[in-house]
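Here the structure is laid out as structure tokens; the discussion comes afterwards.
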Amino acid sequence: MLGNLERAVSIRRALISRASNTKTLEGSLIPMVGYDYSRVMGACCENVIGYMPLPLGIAGPLKVDNVMFPIPMATAEGTLVASTSRGCKALNAGGGVTTVLTYDGMTRGPAIDFPSIVLAAEAKAYIESESGYKTIKEAFESTSRFAKLQHIKCAMAGRTLFVRFATRTGDAMGMNMISKATEKALEVLGNQFPSMVVLALSGNYCTDKKPAAINWIEGRGKSIVAEAVVPGKVVKSVLKTTVAALCNLNTKKNLVGSAMAGSVGGFNAHAANILTAIFLATGQDPAQNVESSNCMTLMEPTNNGEDLLMTVTMPCIEVGTVGGGTILAPQQAVLEMLGVKGANYDTPGANAQQLARIIASAVMAGELSLISALAAGHLVRAHLAHNRSQLNTPIPSRPQTPGLGVSTNRPAVEQSSASSQPQNGDAVKS
Ligand SMILES: CC(C)(COP(=O)([O-])OP(=O)([O-])OC[C@H]1O[C@@H](n2cnc3c(N)ncnc32)[C@H](O)[C@@H]1OP(=O)([O-])[O-])[C@@H](O)C(=O)NCCC(=O)NCCSC(=O)C[C@@](C)(O)CC(=O)[O-]
Ligand SMILES: NC(=O)C1=CN([C@@H]2O[C@H](COP(=O)(O)OP(=O)(O)OC[C@H]3O[C@@H](n4cnc5c(N)ncnc54)[C@H](OP(=O)(O)O)[C@@H]3O)[C@@H](O)[C@H]2O)C=CC1
């Protein structure tokens, strides 16, 4: 029996206000009324004092595999929805986007210590043997109706063994599911190798929520490739540039520029922009935008140089339509709008895979529009119009009233550094 959850939130706000002794949370602009806290409890957040609204825009619609989808984007970056919409318009004019799913497998990579390299190597050989793999797979899959082990990749670093489990997770993004399954699999492995010590269920070989080449190379979550042809006349009329300029800039910026910067998986202009906005709108784990935004954008002339052939390759889109933030009512409503709410009972996993296809296609729209704006020299003018037009409410350079928990005592070093002289780099920071 849960009691009055909204009352609990207001009591928590009062207690926090009293304890922090600075600025009251009561009457603050952080909203708390009319929210379904019952879905949050034990699932999405602890110590809840309200909720954080974000503007939700719709780009598109965009034709993905011959079906029109509105593109929901929760963002505070003005221009993003307009830009993605422009990309959708151009892609639709060429017949829309075609997608393929080349892989589906969430991963967890524990770190296991052995007393010697010989024992570590024996464990590796056991996991890779037919009978060892079968035993581990049975234990792994016994924990869930949806976890289906795809393969295991092992690597030794001295006497530490890293084991990367890869699994189907149905319509869930799957991190809780795979963690539970991995724990069970390690229990069985421990029976075979009693001297092994599981240092951590996650040994960063997964790799979750951190940049890593292994995700880019092997894939994590859903791997999607999307393709479209945009007629040259549409490139001119909608995108205000040319096929040749786009192809040249895409190569120099997204391939050569990213190579010069030593990028891994960042061979794109702003995949993270579109992906994160859709993640926030659909209840995904926002921290997984790190690897999910891995993307290579390619452009080449086609039809005797008249038209543009474009692809985006995204090997790590980590999404679910069940579990996590997808159980919250507004996020669920957005998933419903896309026709992918909850579990797909006919083909488990089909809803989450469809969402990944939509995301990759929307990323393509955003890429096309931004690269066009850069090629045409329109980026700054677009952002000044859509992103910085609130001239009547300038952002104060220094807060007048300290916020909750903010000390009024600025460090001496910060005060003494104030100077009327411009500092190195001021021009680019302003
Ligand atoms: C802003 C535009 C679209 C103007 O572009 P435009 O060509 O002047 O727009 P237009 O008025 O001719 O309209 C063309 C279409 O754009 C859409 N559109 C146009 N305006 C709106 C609007 N208000 N609301 C919704 N949709 C809009 C809409 O589809 C419209 O068609 P219509 O509806 O008229 O048939 C263009 O200049 C643009 O896309 N600029 C790029 C901006 C951008 O992509 N910013 C992303 C963030 S940049 C960043 O964060 C990353 C970065 C840059 O650092 C990464 C890097 O290193 O590259
Ligand atoms: N534990 C960790 O290390 C990490 C956790 N997270 C968090 O994990 C959460 C997501 O975990 P995740 O495992 O995706 O979700 P859940 O923990 O919600 O697990 C999914 C549940 O839904 C059930 N289910 C019902 N129908 C389906 C279906 N069609 N497909 C798949 N599952 C179905 C599963 O059944 P069954 O019981 O049979 O499997 C399971 O109980 C997020 O909150 C995320 O932020 C994020 C990163 C790391």
Handout entry: Candidates Asn424, Asn351, Asn392, filtered to the one that is of a type outside the set (Lys, Arg), over 21 Å from Leu54 (Cα atoms) and modelled with pLDDT of 95 or more
Key = Asn351
Completion exercise
From the option list Ala166, Ala120, single residue qualifying as open to solvent by less than 40 Å² (accessible area, probe 1.4 Å) and part of a strand (DSSP E or B) is Ala166
Practice task
Pick out, from the stretch 317-396, the helices (runs of 4 or more DSSP H) lying fully within it that include 3 or more residues that are of a type outside the set (A, V, I, L, M, F, W, C) and closer than 30 Å to Ala245 by Cα.
Solution key: 350-376, 379-386
Practice task
For the stretch 76-88, state whether one or more residues are within 17 Å of Ala360 (Cβ to Cβ), of a type outside the set (Val, Ile, Thr) and not in a helix (DSSP H, G or I).
Solution key: no
Exercise for the section: Please go through the stretch 35-56 and pick out each residue that is free of Cβ contacts under 8 Å to residues at least 60 places away in the same chain and either in contact with a helix residue (DSSP H, G or I) (Cβ under 8 Å, 6 or more places away or on another chain) or open to solvent by less than 60 Å² (accessible area, probe 1.4 Å) (or both). Expected result: Tyr35, Tyr37, Ser38, Met41, Asn47, Val48, Ile49, Gly50
Exercise for the section: Would you point out which residue out of Ala228, Ala213 is under 27 Å from the mean Cα position of the chain (by Cα), more than 16 Å from ligand 2 (Cβ to nearest atom) and surrounded by 15 or more Cβ atoms within 10 Å (Cβ to Cβ)? Expected result: Ala228
Exercise for the section: For the stretch 250-275, name all the residues that are open to solvent by less than 40 Å² (accessible area, probe 1.4 Å) and touching a residue at least 40 places away in the same chain (Cβ under 8 Å). Expected result: Asn250, Asn254, Gly265, Asn268, Ala269, His270, Ala271, Ile274, Leu275
Problem - Lone qualifier among Thr251, Thr297, Thr242, Thr276 - being within 16 Å of ligand 2 (Cβ to nearest atom) and modelled with pLDDT of 95 or more - result: Thr276
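In contact with a Ser or Thr (Cβ under 9 Å, 6 or more places away or on another chain), more than 16 Å from ligand 2 (Cβ to nearest atom) and touching a residue at least 24 places away in the same chain (Cβ under 8 Å): is that true of Ala111 in this structure?
Here the answer is no, as Ala111 does not meet what is asked.
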Completion exercise
Being more than 8 Å from ligand 2 (Cβ to nearest atom), more than 22 Å from Glu318 (Cβ to Cβ) and either outside the structural domain of Val319 (by TED's automatic domain parsing) or over 23 Å from the mean Cα position of the chain (by Cα) (or both) narrows Ala185, Ala157, Ala181 down to just Ala157
Exercise for the section: Determine, yes or no, whether Glu336 is among the charged types (D, E, K, R), in contact (Cβ under 8 Å) with a residue 40 or more places away in the chain and farther than 20 Å from Lys210 by Cα. Expected result: no
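The values are calculated or read from the model by the stated rules, or taken from the named source; none is laboratory data. The model shown is predicted, which means the values in this text are computed figures rather than measured ones. Using ideal geometry, Cβ is built from the backbone for each residue, glycine included, and neighbour counts are taken over all protein chains shown. Side chains included, ligands, DNA and RNA excluded: accessible areas come from the protein's heavy atoms. Shrake-Rupley method; radii C 1.70, N 1.55, O 1.52, S 1.80 Å.
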